[in-house]
Amino acid sequence: AQTVTQSQPEMSVQEAETVTLSCTYDTSESNYYLFWYKQPPSRQMILVIRQEAYKQQNATENRFSVNFQKAAKSFSLKISDSQLGDTAMYFCAFMKQSGTYKYIFGTGTRLKVLA
Amino acid sequence: EAGVAQSPRYKIIEKRQSVAFWCNPISGHATLYWYQQILGQGPKLLIQFQNNGVVDDSQLPKDRFSAERLKGVDSTLKIQPAKLEDSAVYLCASSLDWRYTGELFFGEGSRLTVL
């Protein structure tokens, strides 16, 4: 069975600084996708960034980028130039490209951006 | 484009009572998901529909939880009788297809408190 581990329950960062959120996963699958979702307080969860496992190049979306280390089964999220609006819960998620294509979510990291 | 709609946003009930949650997915999305998010944990899939058929309900406690999507559009999740441990946020999400490897679109969630 697949598992997703986020070892940092809470983090804080100063506005305009850079922060990295960690995620590790365990799987025997070779074809899968990894995601970071953001859940702002009392608002719906939205996709931040997505990575295909077969791609060696790390995904980037504006201020958000990932460090995908397939052999180490590590998938960290880097937020550059942090903004107050980045304050949220961040969930790492795994989806295997077979079976029911079910998402497995980590327990989340609560990020607070300080003014 | 309208997002995923859920109601009610908040519900407080006594244990052993029943409750129902409603979800209307994004128009044209064939797949609908119900997740349970207990405080401090990541979302856990309860049931996944493709149109009006069930793709995965392996983690649905079928002795007390039921869900339906009769016309392949909106869906209802019911809990009867509720237990204290059912206190959680119930998230509905939708996607284009059950094998779609892109974004899940989430509603704002229904927060259930069981006293």
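Descriptive notes on the structure:
- Overall, the accessible surface of chain A at a probe of 1.4 angstrom is composed of carbon and sulfur to the extent of 43 percent.
- Applying 0.36 nm per residue to the separation of A:Leu114 and A:Gln57 and subtracting their alpha-carbon distance, the gain on full extension is 17.4 nm.
- The spacing between the range B:49-85 and the range A:28-71, judged by their C-alpha centroids, is 28 Å.
- Calculated diffusion of the protein assembly as shown, Stokes-Einstein form, Kirkwood radius summed over Cα pairs, 20 °C and 1.002 mPa s, µm²/s: 118
- Of all accessible heavy-atom area on chain B, the percent that carbon and sulfur account for (1.4 Å): 49
- Approximate spin-label separation B:Thr76-A:Thr20, in nm, with each point projected 7 Å along Cα-to-Cβ: 5.1
- Neighbourhood net charge (9 Å Cβ-Cβ; Lys/Arg +1, Asp/Glu -1) for B:Arg111: +2
- Remark: spin-label model distance B:Thr113-B:Asn51 equals 4.2 nm, labels positioned 7 Å along the Cα→Cβ axis.
- Inter-probe distance in nm under a simple model that places probes 7 Å from Cα toward Cβ, at B:Arg9 and A:Arg43: 1.4
- Estimated FRET transfer efficiency (B:Arg16, A:Thr107; beta-carbon r; R0 35 Å; 0.05): 0.75
The values are calculated or read from the model by the stated rules, or taken from the named source; none is laboratory data. Here the structure is a predicted model, which is why all the values come from computation and not from measurement. Note that we place each Cβ from the backbone using ideal geometry, even for glycine, and neighbour counts take in every protein chain shown. SASA here: full protein model, heavy atoms, side chains in, ligands and nucleic acids out. Shrake-Rupley method; radii C 1.70, N 1.55, O 1.52, S 1.80 Å.
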